[in-house]
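Worksheet: the structure to be examined is printed underneath.
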Amino acid sequence: MRNDPDVVVIGAGFAGLYMVHRLRGLGISVHGLEAADGVGGTWFWNRYPGARCDSESYYYCYAFSRELEQEWDWTERYPGQAEILSYLEHVADRFDLRRSFSLSTTVSSASWGGDRWVIDTEGGERWTCRWLVTAVGCLSSANVPDIPGLASFAGEWHHTGQWPHEGVDVTGRRVGVVGTGSTGIQAIPVLAASAAHLTVFQRTANFSIPARNAPLSTSEAAGYKADYAAIREVQQASTNGHPFVVSDVDTLALPDDERRALFQRAWERGGLRFRAAVRDVLTDPAVNDETSEFLRSKIRSTVDDPEVAETLTPRDHPFATKRPPIDTDYFETYNRPNVSLVDVRADPIEAVTRDGVRLASGAEHPLDVLVFATGFDALSGPLLRLGLRGRDGVALADAWAEGAATYLGLGVAGFPNLFTITGPGSPSVLTNMPTSIEQHVEWIADLVAHLRAHDLDAEPTPEAQARWADHVREAADATLLPQAASSWYLGANVPGKPRVFLPYAGGFARYRGMCDAEAAAGYPGFALR
Ligand code: N01
């Protein structure tokens with residue numbers, strides 16, 4: 001029956017598209033529900049100026065189809081939003097996935113009814129399924145700060161994750177950007193190039209590495225295509241799902257000039273590869289100090305005004321303990337005469353007025369356009385807004401009142417037959433997302449096929465979930481990651497959100513091994529009945 005497939009998948013981004021394809025390939029009936037009026041997920045919504053992926057194009061893509069790998073041509077080292085969206089649209093067409101999705105269909109609630117999930121949509125449709133898979137992304141629930149007076153603003157305001165499809169023309173206008181995470185750092189140089197004036201409201205200074213984006217030459221692209229088997233092997237064996245081999249050089253044992261030369265070479269190569277060039281940067285405070293100091297020196301040598309440079313210099317967290325942005329001319333942008341920086345940690349935003357932003361000191365910043373690059377209610381937010389209720393009508397919001405808890409990031413005790421692609425407690429946002437997504441999709445598809453073949457329901461046991469929570473904490477504590485007090489990894493960016501380190505920091509390869517062992521042992525962490 002059309003509204004009662006075996007599986008409903010929520011979301012049509014990288015995860016949802018592949019989940020539907022994989023289950024269909026196993027002969028399992030499946031239907032996808034997507035709130036947007038197109039496929040693409042993150043890349044459908046995030047159309048802000050400068051939106052571009054920080055992973056390189058040749059590996060920010062699916063690995064499941066050798067033909068797809070060979071036929072798609074990336075044009076730049078880092079793919080822009082429009083190119084990734086075209087790629088996902090191509091995937092939807094090439095694998096004939098659109099017929100299995102309902103677009104413009106927002107899930108308003110999903111409840112376990114004892115033997116099936118009952119899913120209601122905002123449009124009044126009802127779906128039921130035995131197994132429910134969430135493919136809602138980790139960063140899809142926009143975090144718009146609750147600033148008094150926003151409704152009175154006479155200009156226009158936008159969150160970067162809900163950017164208007166027709167674009168926003170900032171030519172000759174006074175623009176304000178709140179937020180200097182990966183998104184703000186990408187958008188600020190592009191907005192500055194056309195705005196009359198750009199004011200950046202910075203709460204936490206951030207480290208950033210130059211991306212060194214460039215067109216992908218025909219020979220580079222051909223080289224990657226020829227090498228895919230080896231590239232994928234490195235990704236599978238890696239900590240972050242990137243095809244980089246982490247350096248084995250003991251940077252602290254090097255003389256100062258050689259260490260600096262090593263940092264400099266990595267800086268010139270740019271991008272997320274910088275991190276892989278410095279062994280132990282996330283575990284050894286002394287290595288991190290050296291690296292952080294190198295990056296601070298780059299800010300000082302790039303930004304002309306020493307006071308502005310100092311405000312831009314991060315001192316409250318070690319490098320890479322917050323997700324490290326990569327940029328094109330970010331720090332250089334502060335040398336433009338039409339750009340000013342406001343330190344809102346020193347002088348917080350008090351209100352948005354009819355004319356702009358007012359700070360606690362009383363200073364006013366008149367604006368025509370206000371951009372919130374203020375991030376997301378990460379990992380748990382997209383799941384909580386689905387209105388999920390498990391056994392005995394228990395709401396996910398209540399089950400997670402003390403913080404998100406899962407088993408392997410794949411399922412939640414008390415929520416039978418619910419599987420969460422890249423859920424809290426999985427490596428997800430600490431990795432190259434398509435790599436983590438494919439691993440989850442394939443693992444979930446195998447489990448669903450097993451359950452269907454044996455007519456079983458499954459949910460994580462509370463014991464397995466508690467053990468996993470301990471392990472997620474231990475894995476984070478073995479690194480410097482928890483030292484960034486303002487990190488969204490900890491939920492610190494959303495007022496009132498419980499502080500739990502959300503992603504699994506133990507590494508992608510190790511995690512994949514644990515998931516494989518769970519399946520090989522017959523899913524001992526799940527109650528099967
Ligand atoms: O969000 P963020 P993002 N008043 O949370 C500030 C991925 N991504 O959208 O640090 C003033 O990192 C906040 O300040 P603080 C990537 O994983 C990927 O930039 O909380 N400021 C911070 O500066 C990334 O990490 C790509 O003190 C406020 C900023 O807003 C993740 O998405 C590209 C505030 C938010 O930074 C999220 O990045 C872009 C307030 N009330 C993003 N509230 C790729 O290329 C928040 N801030 C793949």
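Each value in this text was obtained by applying a stated rule to the coordinates, not by laboratory testing. Being a predicted model, the structure only gives us computed values, none of them experimental. Neighbour counts are summed over all protein chains in view; Cβ atoms, including those assigned to glycine, are modelled from backbone coordinates with ideal geometry.
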Amide hydrogen neighbours beyond the local backbone of Val357, cut-off 5 Å, H modeled: His365, Leu367
Tilt of helix 462-477 relative to the longest C-alpha principal axis of the chain, in degrees (0 to 90, nearest 10)? 20 degrees
For helix 81-94, report the angle its Cα long axis makes with the longest principal axis of the Cα atoms of the chain; keep it between 0 and 90° and round to the nearest 10°. 20 degrees
Whole-Hz ³J(HN,Hα) from phi, Karplus 6.51 cos²θ - 1.76 cosθ + 1.60, for the range 385-402, glycine and proline x: 7, 7, x, 6, 10, x, 4, 6, x, 5, 7, 4, 4, 6, 4, 9, 4, 8
How would you rank Ile444, Ile28, going from fewest to most other Cβ atoms within 10 Å of each one's own Cβ? Ile28, Ile444
Please give every one of the aspartates and glutamates within straight-line cross-link reach of Lys497, meaning a C-alpha to C-alpha distance under 19 Å, and leave out same-chain neighbours fewer than 8 residues apart. Asp146, Asp377, Asp398, Glu402
Put +1 on the Cβ of every Lys and Arg and -1 on every Asp and Glu Cβ in the chain; which of Leu341, Thr134, Ser426 then has its Cα farthest towards the positive end of the dipole? Thr134
Which whole-angstrom value gives the distance between the alpha carbon centres of the range 476-529 and the range 376-430? 12 Å
Principal axes of the chain: Cα extent on each, largest first, Å: 68, 57, 45
Please compute the Kirkwood hydrodynamic radius over the range 305-365, one decimal place, Å, based on all pairs of different Cα atoms. 13.8 Å
Going by amide H atoms built from the backbone, whose H comes under 5 Å of the H on Gly411, apart from near neighbours? Thr420
Which one, Tyr407, Pro503, Asn417, projects farthest toward the positive side of the charge dipole computed for the range 384-529 from Cβ point charges (K/R +1, D/E -1)? Pro503
What value, in deg cm²/dmol to 500, does the helix sum -39500 (n - 2.57) over DSSP H runs of n ≥ 4 give at 222 nm once divided by the residues of the chain? -10000 deg cm²/dmol
Would you mind checking which residues have amide H under 5 Å from Gly375's amide H? H placed 1.01 Å from N; only 5 or more apart, or other chain. Asn143
When the dipole is taken about the Cα centre of the range 209-364, and only Lys, Arg (+1) and Asp, Glu (-1) are charged at their Cβ, what size is it in debye, to the nearest 20? 560 debye
Any idea what the dipole of the range 326-407 comes to, in debye rounded to 20, about its Cα centre with Lys/Arg Cβ at +1 and Asp/Glu Cβ at -1? 340 debye
Which value, in debye to the nearest 20, gives the size of the charge dipole of the chain about its Cα centre, when Lys and Arg are +1 and Asp and Glu are -1 at the Cβ? 420 debye
Determine the principal axes of the Cα atoms in the range 399-488, then give the extent along each, sorted from largest to smallest and rounded to whole angstroms. 46, 28, 20
Taking θ = phi - 60°, what integer Hz values does the Karplus form 6.51 cos²θ - 1.76 cosθ + 1.60 yield along the range 126-141, in sequence order, with x for Gly and Pro? 10, 10, 10, 7, 7, 10, 10, 10, 8, 10, 9, x, 9, 10, 10, 9
Find how many whole Å separate the alpha carbon centroid of the range 178-195 from the alpha carbon centroid of the range 340-366. 18 Å
Tilt, helix 14-25 to longest principal axis of the chain (alpha-carbon atoms), in degrees rounded to tens, equals 20 degrees
Taking each pair of different alpha-carbon atoms in the range 136-224 once, compute 1/r for the pair, average those values, and report the inverse of that mean as the Kirkwood hydrodynamic radius in Å to one decimal. 15.9 Å
For the range 275-282, what does the Karplus curve 6.51 cos²θ - 1.76 cosθ + 1.60, with θ = phi - 60°, yield as ³J(HN,Hα) per residue in whole Hz, taken in order and with x for Gly and Pro? 4, 5, 7, 10, 4, 6, 5, 9
One would report the antiparallel percent of DSSP beta bridges in the chain, rounded to the nearest 5, as 40 percent
